[in-house]
Every structure is written in C-alpha cells, then in structure tokens.
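Trainee: One structure is given below, represented as structure tokens, and several questions about it will come after.
The values are calculated or read from the model by the stated rules, or taken from the named source; none is laboratory data. The model shown is predicted, which means the values in this text are computed figures rather than measured ones. Cβ coordinates were reconstructed from backbone atoms using ideal geometry, including for glycine residues, and neighbour counts include every protein chain displayed.
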Amino acid sequence: MSAVPSRFNATKAATEREVRGAGGAASPAGPVNAGAGQAGVVSHAAGGPSFSPLYRQIKDLIIASLQGGEWKAGEAIPSELDLAARFGVSQGTVRKAVDEMAAENLLVRRQGKGTFVATHAEQKVQYRFLRLMPDEGSQSLERQLLDCKRLRAPAAIAKQLQLRAGDQMVEVRRLLKAQGRPVVLDDIWLPGNLFKGLTTERLNQYRGPFYGLFEAEFGVHMIRAQEKIRALAADAEAAALLQVPVGAPLLSVERLSFTYGDKPVELRRGLYHTESHFYRNELN
C-alpha cells in the first residue's frame, strides 16, 4: 500500500484533537496520497492498532475545517472535485465522506446548487431535536422566555457539560406554547465561556430558533443529541407554569446536545404536557 504522506500521517492525531477541541482549529491543507484509493491507514494508538478507512479520515479533515470556521453554518462547501484535489484523493472517496456527513445532518445536499453546512436556522430543521408533535394540524410553536441568568455551575450539571463545579454557565428557562397554551417547560444550561454576551434581551430580540442564534452569533453548532425520557407528576411550580393540575402526568425529556468532536455544549431538561401532543421518534 502506498505510504500516506507525513503531513496526513503526522497530523491525524492532531486532527482528532482539533475535532475534539472547544476552540477553532487550523484548516488542514496537506494532501492525502491519491494512490491510497479507498484504503485506510493503521493508527497505532495507545489502545492498540486500529484501522481507519481513507474516507473517514477525509471526513475528519472536513469536520476540522467546519470546527475551525472555514465554512460556516448555511454556507456552501467546495465541490467534491475541489475537495478531491485539495486532499489528493479520488472524487469517490470525497463523495463517500460527504454522503456520511449528509446522513448525519452535518451537511445538506441541494440539487443543482451544491452541498451546504447544515443549519438549524432553516425552517424545515428548526425543530429537528424537538420530537413533540400535535395530535392534529401542523407544528406551530411560540416561545415565552421566562429567565436568562449567569451563575456558577452546580456539580451535577458541570459534570454533564464537562465543566468544573463552579465554572460560569448560563441558565435559560422558557415556555413553548401551541395556540397560546403551554406545552413545554424548558430549563437550559450552557457553558458560560462559549456564550459570553447571551442575555434576556438578546434572546427576546432573536425571532428564530435558539440553535440558529447559537450558530450565527456564538459559533456553536449542535450536531447531535442524546435523550433520557421518563414520566413524572407535575409539582406545584411546573403545574402553575404549564397550567395543569398538581400531579398531572408530564413527560420529562433530558437532552444533552453535542457539537463537533462530541463535545457537550447544552443540557436541557424539558417537561412536556402531552394532552394534545405526542412524542414521535423514528427508529432505523
């Protein structure tokens, strides 16, 4: 097998660190050996040798460029031909990397226009992580911001966000309403160092989804999330805000959202009133 050039081989681990990091990453520019085709390289990490297909390595390099801000949310990335020339690989290798990123909602293909960085600002994906659907009619939600404040992170929340207890964080509380009736009470926690300048005034001024604001003004792109779901009874505070009786059944949804490199950047605990809504998920 043809040797992979030192730039790619030597920086593979560095690229992985860049992808995992919280800050910007330098854009990878060195070519990958074109003769390698669809093959991969063996990485001798601390845990032992592991095989990484070439298209996956190209995917890592594209993600590093996304994280570094070379292409921002909603912007077009270079064509597959241009990326193939940049990395010194076949167009097929790039296409396979881009296909996987599109399947993971990192990129969006638009027929006749090109491939774009996915964004939560688009109407059709504004509520991609919100799986609460109305029993009848289309989804139409309005937001009521209740609070936004900065505080020291409690240990339990800090741990999930990979912060230290006492680090600065932002806490947001809001209601989502359908036809004027509250259906979701959200408590949201964000790392303070990533969301400097986030205030009640700024959240009230922004008309789009929160994630669109996070992308546009703070450079934080939510690319995936994991959830824990359980049923519980409404306590007095939740009952008053959701306008239900104390003890009414609610769906508790705890969501941890991640940006590039699987870095957690948002913890959200929502209480869902499902009298006229249901939780929908798709299993593949």
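Trainee: Does residue 41 qualify as being in a helix (DSSP H, G or I) and either among the β-branched types (Val, Ile, Thr) or modelled with pLDDT under 50 (or both)? Write out each step before concluding.
Mentor: Working: in a helix (DSSP H, G or I): no; either among the β-branched types (Val, Ile, Thr) or modelled with pLDDT under 50 (or both): yes.
Against the criterion (in a helix (DSSP H, G or I) and either among the β-branched types (Val, Ile, Thr) or modelled with pLDDT under 50 (or both)), residue 41 does not qualify.
Trainee: Continuing with the same structure: Which of the helices (runs of 4 or more DSSP H) found entirely inside the range 54-172 contain at least 1 residues meeting this: at pLDDT below 90 and not polar (S, T, N, Q)? Walk me through it before giving the result.
Mentor: Details: elements: 54-67, 80-87, 91-103, 155-160.
Per the criteria, 54-67, 91-103.
Trainee: Could we say that residue 231 is in the same structural domain as residue 264 (by TED's automatic domain parsing), surrounded by fewer than 13 Cβ atoms within 10 Å (Cβ to Cβ) and touching a residue at least 12 places away in the same chain (Cβ under 8 Å) here? Steps first, answer last, please.
Mentor: Numbers: in the same structural domain as residue 264 (by TED's automatic domain parsing): yes; surrounded by fewer than 13 Cβ atoms within 10 Å (Cβ to Cβ): yes; touching a residue at least 12 places away in the same chain (Cβ under 8 Å): yes.
Judged against the criteria, residue 231 is a match.
Trainee: Moving on to the next point. For the range 194-206, does any single residue satisfy the condition of being surrounded by 15 or more Cβ atoms within 10 Å (Cβ to Cβ), in contact (Cβ under 8 Å) with a residue 60 or more places away in the chain and within 27 Å of residue 166 (Cβ to Cβ)?
Mentor: yes
Trainee: Please enumerate the residues belonging to the range 234-266 that are of a type in the set (S, T, N, Q) and crowded, with 16+ Cβ neighbours inside 10 Å.
Mentor: Initial filter on the range 234-266 (of a type in the set (S, T, N, Q)): 243, 252, 257, 259.
Answer for the range 234-266, where residues must be of a type in the set (S, T, N, Q) and crowded, with 16+ Cβ neighbours inside 10 Å: 257, 259.
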